[in-house]
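The values are calculated or read from the model by the stated rules, or taken from the named source; none is laboratory data. Note that this is a predicted model, so its numbers are computed, not measured. Cβ placement follows ideal geometry from the backbone for every residue including glycine, while neighbour counts extend to all protein chains displayed. Remember, those area values only see protein heavy atoms, side chains included, never the ligands or the DNA or RNA. Shrake-Rupley method; radii C 1.70, N 1.55, O 1.52, S 1.80 Å.
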Amino acid sequence: MSRISRNSKARAVHYWASPVEARLCAGQEVALVGAGNSAGQATVYLASRVAKVWFLVRGPGLEASMSRYLIDRIAARPNVEVLTQTEVSALEGHGGVLEAIRWRQRPSGREVRQPIRHLFLFIGAEPNTEWLLQYGVALDDKGFVRTDANLGSGGRPLETSRPGVFAIGDVRSGSVKRVAAAVGEGAQVVAALHAFLADAGDKLAINAKP
């Protein structure tokens, strides 16, 4: 899913690399963040359609997270530049239109600015959720937050093992890892929150009776 306007000349941040995105950035330079197989596949695909792919990898390399055949295919592409230990530090633009990207290379701290109008994000496969365990929020074996559907508790939609705590989007166990799905779950959870707050209010009113 890409956040693009109705204007065919719009530039954007993308979360997928399909023929639609390829047409939008054909012949241009793009940046891609990630290190897994999905990022590698997208890099190879885009490299055949764009002028250059700046492949930004936050870790020290690709060997630990990407299949060897993809690493070799990326290395064989003359228009792909892999930058390890690199992270996006800023996005520049006006009116929702991306105009430039800044990235910082560790450990030197050197920052680079490139006039790139397309950024592809292939990140989020490892949830940062361990801290939730101390609060009684159940996680699955990969660290994603378990909710009603895979708790078997009959709780409210999208509610975790901790009453009143809800999870949506990529961090939720069993969710479709797409922006559109996260937006839909965000709208859905509003009703569940209202129901929880109403129930909590009723309990307070009962307890407050003399």
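Looking across region 34-48, the residues that are open to solvent by less than 50 Å² (accessible area, probe 1.4 Å) and over 19 Å from the mean Cα position of the chain (by Cα) come down to V44, A47. Against the test of being buried (at least 18 other Cβ atoms within 10 Å of the Cβ) and at pLDDT 95 or above, the options A31, A17, A51 yield a single qualifying residue, A31.
Assess whether V82 counts as being under 24 Å from R106 (Cβ atoms), touching a Phe, Trp or Tyr at 6+ places or on another chain (Cβ under 6 Å) and of a type in the set (V, I, T). Explain how you work it out, then say what you get.
On the way: under 24 Å from R106 (Cβ atoms): yes; touching a Phe, Trp or Tyr at 6+ places or on another chain (Cβ under 6 Å): yes; of a type in the set (V, I, T): yes.
When the stated conditions are applied, V82 passes them.
For region 121-153, the set of residues classified as open to solvent by 50 Å² or more (accessible area, probe 1.4 Å), closer than 20 Å to G186 by Cα, without any contact (Cβ under 8 Å) to a residue 40 or more places away in the chain and part of a loop (DSSP other than H, G, I, E, B) consists of N128, R146, listed by residue number.
Only one of A75, A64, A31 is over 23 Å from V112 (Cα atoms) and among the hydrophobic types (A, V, I, L, M, F, W, C). Can you tell me which? Before the answer, list the steps.
Values: A75 fails: over 23 Å from V112 (Cα atoms); A31 fails: over 23 Å from V112 (Cα atoms).
The conditions single out A64.
The residue of region 166-177 that is modelled with the highest pLDDT, among those that are open to solvent by 60 Å² or more (accessible area, probe 1.4 Å) and in a loop (DSSP other than H, G, I, E, B), is I168.
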